[in-house]
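Structure record follows, encoded as structure tokens.
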Amino acid sequence: MKTICSLLAVIGAFAGSVLAQGGPDHPSVTVHGQVYTPRSILARNMGTDADQTTQFPPHKIIGNIYYVGTKTLSSFLIVTPQGNILMDSTYERNVPVIQKSVASLGFKLSDIKILLGNPAHGDHQEGDATVKELTGAQVIAMAEDVDTLKAIKPGGKEHPIDKIIHDGDSVTLGGTKLVAHLTAGHTPGCTTWTTVVRDGGKDYNVVFHCSLRAQGNLTPALIDQFNRSFKVVRALPCDVPLGDHPAQYRMLEKHAKLAVGGPSPFIDKANCNLETDIMEAMFRATLAEQQPSGKTQ
């Protein structure tokens, strides 16, 4: 029983997901003509077990930002003259996949100096200890997610945390500045990162979205967190929306356009909050189901 409880703690995000898969698949919402349910969103984000661990062709997104993740789990490499930043190590077993992608782009894993994350869940940050072992990178975490991260212990490894940050803090390396925005709900310290990159003689606002997917029982505290987070995200300047799962920013269809040439297909200002629209619609519908009287418990 202790082993099972420990496992659930490590993969905290999936507790709600597993329940969603086994229980009723509702509510259903329609956003911009597309129908979504809790299970369809989860399936879209995670794909199959193979999708979660299979390398997706590494590629340049825009400026100094590159994709080095799998088919359904995002990992981003941010290259600077003073070393590189990795965002989201994903599962521990995916670290060799990330290393292969980094190398195929002409960079070295050992040049990673800083390791960041979005939500404190195993599918996004389980590999932190291994990446640190291989690179010596400084692991930076939002204060509200520290306890959740410490519960992620693949093979019994302690989760490294070298620096704790707070909402609005920034991380700077080699002329690149990333600002951390607390967008709690999916996890207590779910972190949306923003930066400005220069590409083709123009500056672009890039947003690395943290999931806003609600799960489980919406307590008053969670309701407050999500309401705040939706407002925060919608107020962020954005030209290039990215996300902790590729499906959140339509990576497949955009990647297919890279061969055409021209401006980066990832520049998508019009759809910067498409995923936000989907998640907020699902949140509101779930809230209406759980609290039909409109009361907040």
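The values are calculated or read from the model by the stated rules, or taken from the named source; none is laboratory data. Since the structure is predicted, the reported quantities are computational estimates derived from the model, not experimental observations. In this analysis, Cβ positions are derived from the backbone assuming ideal geometry, glycine residues included, and neighbour counts consider all displayed protein chains. Side chains included, ligands, DNA and RNA excluded: accessible areas come from the protein's heavy atoms. Shrake-Rupley method; radii C 1.70, N 1.55, O 1.52, S 1.80 Å.
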#### Entry: Sequence ranges 65-75, 139-149, 215-225, ranked by mean other-Cβ count within 10 angstrom, highest first
65-75, 139-149, 215-225
### Task
Report Asp49's accessible area, 1.4 Å probe, all protein chains in place, as a number in Å² to the nearest 10.
120
### Query
Based on DSSP, what percent of beta bridges with both residues in the stretch 55-130 are antiparallel, to the nearest 5?
75
### Query
So which aspartates and glutamates pass the test for Lys113, namely a Cα distance under 13 Å, with those fewer than 8 places away in the same chain ruled out?
Asp128, Glu133, Asp162
## Note on the structure
CD proxy, 222 nm, the chain: helix-only mean residue ellipticity via -39,500 (n - 2.57) per DSSP H run with n ≥ 4, per residue, nearest 500, stands at -9500 deg cm²/dmol
### Message
With a 1.4 Å probe and all protein chains left in place, how much accessible area per residue does the stretch 81-220 have, in Å²?
### Response
38
### Task
Using a 1.4 angstrom probe on the protein heavy atoms only, line up Glu158, Glu275 by accessible area, largest first.
Glu158, Glu275
### Query
So for the pair Ala143, Thr80, with labels modelled 7 Å out along Cα→Cβ, what separation do we get in nm?
2.3
### Query
When the accessible area of the chain is computed with all protein chains present and a 1.4 Å probe, what percentage of it is carbon and sulfur?
56
### Task
Sort out for me the Cα centre separation of the stretch 80-132 from the stretch 231-297, rounded to whole Å.
24
## Note on the structure
If the chain between Ser170 and Ala270 were fully extended at 0.36 nm per residue, the gain over the current Cα-Cα distance would be 33.4 nm
### Query
What full-extension length gain, to one decimal in nm, is calculated for Asp277 and Val196 as 0.36 nm per residue of separation minus the Cα-Cα distance?
26.8 nm
### Query
Any idea what the relative contact order of the stretch 70-184 is, in percent, if you count C-alpha pairs under 8 Å spaced at least 6 apart?
23
### Task
Could you grab the relative contact order for the stretch 190-297? Cα pairs under 8 Å, six or more apart, rounded to a whole percent.
28
### Volume in Å³ per residue [convex hull over Cα atoms, computed for the stretch 60-148]
93
### Query
Please state the relative contact order of the chain as a whole percent: Cα pairs under 8 Å, 6+ residues apart?
15
### Task
First measure r as the distance between the Cβ atoms of Ala103 and Glu133, then evaluate 1/(1 + (r/R0)^6) with R0 = 22 Å and state the FRET efficiency to the nearest 0.05.
0.80
## Note on the structure
1/(1 + (r/R0)^6) with r = Cβ-Cβ of Ala259 and Arg284, R0 = 35 Å, i.e. FRET efficiency to nearest 0.05, evaluates to 0.35
